[in-house]
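No value in this document is a laboratory result; all are computed from the given coordinates. Quantities reported herein were computed from a predicted structural model and do not represent experimental measurements. Using ideal geometry, Cβ is built from the backbone for each residue, glycine included, and neighbour counts are taken over all protein chains shown.
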Amino acid sequence: MIERVRAVLVTADDTMLVIRRTKPDVPEYWVLPGGGVEASDESREAALHREIHEEIAGKADIIRLFHTMESDKERQLFYLARITTWSFEDRTGPEFSAEGRGEYALEEIPLSVEGLDGIDLKPEEIAYVLRGAIGAGTLGAGAVFWS
């Protein structure tokens, strides 16, 4: 089974980092930073740190596993993390140089239901789970993990 890790990256300003994907002939959509767990990764968390470094040249503190989605072929693990530094210009992931992959643009959106409603976050299940956590007041920089 393929395993993927993704991060809900919350900033100190109560925003969330997302990647806007633009591909030819496909409606624009957004995803959370992350990617596949590789055999060389020591753990899922190590894979997530590697992906965050590759995709946004960032360093994050992983707080906890937030949500898991599973199908017959794939398991996606979504982690809640706080991020303080990132630089999209310094990204190093192999997907950025691959022909035909489209564009990857890092965006910071408000960590609010309105912020999520303004984008088409994929997969839809994680968008639904995030809306619920935000609505319940259990997700956000101030509510969860900034001191």
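Sort 67-75, 3-11 by the packing proxy (mean of other Cβ within 10 Å over each peptide's residues), most packed first.
Per-residue Cβ counts within 10 Å, averaged per peptide and sorted highest first, yield 3-11, 67-75.
Taking the Cα centre of region 2-144 as the origin, how large is its charge dipole in debye, to the nearest 20, when only Lys and Arg (+1) and Asp and Glu (-1) carry charge on their Cβ atoms? Display every interim value, and only then the final one.
Details: 16 positive and 28 negative charges, 58 e Å.
Once rounded to the nearest 20, the dipole reads 280 debye.
Normalised by the number of residues in region 2-144, what is the relative contact order in percent for Cα pairs under 8 Å and 6+ residues apart?
It comes to 31 percent, rounded to a whole number.
Per-residue counts of other Cβ atoms within 10 Å, averaged by peptide: what ranking do you get for 18-30, 52-64, highest first?
Ranking, from highest mean packing down: 52-64, 18-30.
Please give me the summed charge of the neighbours of THR138: other residues whose Cβ is under 13 Å from its Cβ, Lys and Arg +1, Asp and Glu -1.
+2
Amide H to amide H, which residues 5 or more places from LEU121 or on other chains are under 5 Å from it, using H placed in the peptide plane?
Hits under the 5 Å cutoff: TRP30.
Could you give me the percent of Cα pairs per 10 Å distance bin for region 2-144, shortest bin first, beginning at zero and ending with the bin that holds the maximum distance?
11, 43, 38, 7, 0
Could you give each residue of region 45-54 its phi-based ³J(HN,Hα) in whole Hz, using Karplus coefficients 6.51, -1.76, 1.60 with θ = phi - 60°, and x for Gly or Pro?
5, 5, 4, 5, 4, 4, 5, 5, 5, 5
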